[in-house]
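Bear in mind that the values in this text are calculations on the coordinates, not laboratory data. Just so you know, these numbers come straight off a predicted model, no measurement behind them. Cβ coordinates were reconstructed from backbone atoms using ideal geometry, including for glycine residues, and neighbour counts include every protein chain displayed.
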Amino acid sequence: MSLLPPSEERKRFAFLRIVVAALLVFFVLHLLDLQVVNAGNINKVSLENRQRTRTIEAVRGSIFDKDGKVLARSIYRYDVNVAPVNVGPISREVNGSTITLSVDQIADQLASILKMDKAEILKKFTGTGQYANLKKKVDASVYSQINSLNIPWIYFDSHMSRVYPNGAVAGNLLGFITADGSTKAGLESKMDSCLGGVNGKETYEQGVDGIRIPDSAIVSKQAKNGGNLKLTIDTNLEYYAQQVLETAVRNERADYGTAVVVEVKTGKLLVAAEAPTVDPNNPGAVIERDRQAKVFNFTYEPGSTMKMITAATLLDLGLATPESKVVAPYKLKMSWGNTWIYDSHKHPTMNLTLAGVLRDSSNTGIVQLGAKASRAERFSYMKKFGLGSKSSLNMEGEASGILGDYKTWDLLTDKNSMFGQGVAATPIQMAYAYQAIANGGVRLSPVLFEGCTAADGSKTSYPVGDSVRVVSEKTARSTVDMLEKVVEQGGIGKTAGVAGYRVGGKSGTAQIKEGKRYGGLYAISFIGMAPADDPKYVVAVMLYKSRRTGSSIGATPVFKQIMQQVLREYRVPPSTTKSKNIATEWK
């Protein structure tokens, strides 16, 4: 082995020093570039890679009944997720000692909490991805149990979920929320401005292991929770009315039934019940028709309950008194063509007063007496009673009813409208027409909302529509007196009586059109008030397309049961006076 001359060795060391110095300068310059010159851009890119943004869901407000019972509320549900790439044993301190839990042991714990098969969980643990879902929308209890395990590669996505604790009670009125959070029908849609909140936003940093870095969250927009809506609905009465209706609809083999309860002096809507109804927790379980608020949205020909309006019109115009006389045959020939008006059942010709016409629900009698008023006058009173127009609540899909223009009524509609055929109304319209008579002739607008309380505690009240003087107080009192005779003496009306109370009301049996002709099915109804000496409540019941009973005898038991419950719940004292003596027949 030969040695390099000293001069050559010095050259090599000098070259090596130059190379090292050059490398050192390169790394220093590169380090300066990373840490000083381009530090801002690098940090920005790094942050963008680590940073995640998520929506902070606002809490949708609750809906309460008049007594503060919850009809709808929002709760959190949680998706339980795993990052398979990070799955592995975890260490835990137990009684001062460190123990290690294997993946198999962790799967055992999760399977027990989630009520899942362990093999299924282990399968989802496998892989190199950052996401696999173990179970969707678990409740807060399950979330708390899993969260307390402190498994670093298990994480959660929270979702707001709407629940209706009373199931189908007031379901048609409340509406529902779809799986994607959009409002559908009913009050959930109409009152979204009160109930709905505004979502917030936050950003946070996430490590390469997919785990959120503690204390890295920055809220860029605060969530604003929705307000709480309070209704006038009485949940106990609503439930009771729905149960009674459900039985009646089944027994009568009807398409559906409705029941409305109104507090006479305030116009508050206490019950808006239907059967079949919808459970907002599972709206897909019923057909589209049964998800709607039929009390507001569906119309029907009211039949003989309209006779009350015709009679009150005559009294208010001074064209008749309760004892005005008429000869009422079973059938009456009109002055044109071969057209006849019939009563609902065959009977000998009767000498009736106006009160007797209501008692026996005579079509031939009301047509003769009603003709004393012009069609323009009768139409005007129908409008004042609230027919032909939506209520001031203007509910989702609310119908106006069908009156048309009296100037275009044909001759038959002119007559038929006096006893509720050829025109149509909603259950809510007919209920408040009777509320007007019970309230001394003043029709109040429906009141459904007690108010909205925002998340900050501020309260919003909702304007109530104008009241309307429909008839004089004297006319209203005389009309109630006549309606009492329906319940005291009427063949069907007697079945609507409530022991111990003076009750006034009117039955309705309206044929239902099938195409251009009337078929063999009926909308049967009864609307009344109690106590008749000082009316406090109106109850309006209707069963649509009754296939078992062709008269309102199928509706009066429903009215009676609901009215009894109303009077009992609100502790209304029994009547201590007797009804007015009014002749219903003459010789």
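A few comments on the model shown:
- Once the Cα atoms are used to define both axes, helix 307-316 deviates from the longest principal axis of the chain by about 60 degrees.
- Relative packing of 353-364, 372-383, which averages over residues the other C-beta atoms within 10 Å, highest first: 353-364, 372-383
- In plain terms, the bigger the Kirkwood radius, the slower the diffusion; for the chain, with that radius from Cα pairs, at 20 °C and 1.002 mPa s, Stokes-Einstein puts D at 74 µm²/s.
- In the chain, the longest principal axis of the Cα atoms and the axis of helix 473-489 are about 80 degrees apart.
- Which of VAL264, LEU31, ILE582, positive extreme of dipole for the chain (C-beta unit charges): ILE582
- When peptides 252-263, 488-499 are sorted by average Cβ neighbour count within 10 Å, with the highest value leading, the order is 252-263, 488-499.
- Residues whose placed amide H lies under 5 Å from that of MET395, excluding near-sequence neighbours: none
- Phi-derived couplings, Karplus 6.51 cos²θ - 1.76 cosθ + 1.60 at θ = phi - 60°, listed residue by residue for the range 119-133: 4, 5, 5, 4, 5, 6, 6, 8, x, 10, x, 8, 9, 8, 8 Hz, with x used for Gly and Pro.
- Counting every C-alpha pair in the range 235-569, the share spaced more than 37 angstrom apart comes to 12%.
- Label zone at LYS494, where the point sits 7 Å out along the Cα-to-Cβ direction: the range 554-585 residues whose backbone N lies under 19 Å: 554-561, 579-585
- With helices as the sole contributors, the chain gives -9500 deg cm²/dmol at 222 nm; each DSSP H run of n ≥ 4 counts as -39500 (n - 2.57), and the sum is divided by every residue.
- Projecting the Cα atoms of SER551, SER362, VAL278 onto the charge dipole of the range 235-569 (Cβ charges, centred on the Cα centre) puts SER362 farthest toward the positive pole.
- Coupling constants for the range 492-507 follow from the phi torsions by the Karplus curve (6.51 cos²θ - 1.76 cosθ + 1.60, θ = phi - 60°), and in residue order they are 8, x, 4, 6, 9, x, 10, 3, x, 10, 7, 10, x, x, 9, 8 Hz; glycine and proline get x.
- From phi via Karplus (6.51, -1.76, 1.60), per-residue ³J(HN,Hα) for the range 528-542 in Hz, x at Gly/Pro: x, 9, 7, x, 5, 6, 7, x, 10, 9, 10, 10, 10, 10, 8
- Here the residues VAL103, VAL503, ranked from fewest to most Cβ neighbours within 10 Å of their Cβ, fall in the order VAL103, VAL503.
- Counting only Cα atoms, the size of the range 489-587 along its three principal axes is 49, 43, 18 Å, in decreasing order.
- A simple count of charges around PHE559, restricted to other residues whose Cβ falls under 13 Å of its Cβ and scoring Lys, Arg +1 and Asp, Glu -1, yields +3.
- Taking packing as the residue-averaged number of other Cβ atoms within 10 angstrom, the listed peptides 337-347, 548-558 run from highest to lowest as 548-558, 337-347.
- Over all Cα atoms in the range 315-459, the spread is summed up by Rg and Dmax: 19.0, 70 Å.
- Length gained when the stretch TYR76-SER148 is fully extended (0.36 nm per residue, less Cα-Cα span): 24.2 nm
- Residues whose placed amide H lies under 5 Å from that of LEU231, excluding near-sequence neighbours: PHE64, ASP65, LYS66, GLU450
- Between ALA58 and ASN199, GLY200, the built amide H atoms are under 5 Å apart, and every one of these is 5 or more places off in sequence or on another chain.
- Net length gained if the chain between ASN251 and LYS66 were fully extended (0.36 nm per residue, minus Cα distance): 63.4 nm
- Site pair ILE402 and THR349 shows an inter-label distance of 3.5 nm when each label is modelled 7 Å from Cα along Cα→Cβ.
- Neighbourhood net charge (15 Å Cβ-Cβ; Lys/Arg +1, Asp/Glu -1) for SER391: +4
- Summed side-chain charge close to GLY441 - residues other than GLY441 whose Cβ falls under 11 Å, Lys, Arg +1, Asp, Glu -1: +3
- Gain upon complete extension [ASP104, ALA285; 0.36 nm per residue less C-alpha separation]: 61.2 nm
- Angle between the chain longest axis and helix 103-114 axis [Cα atoms, degrees, rounded to 10]: 10
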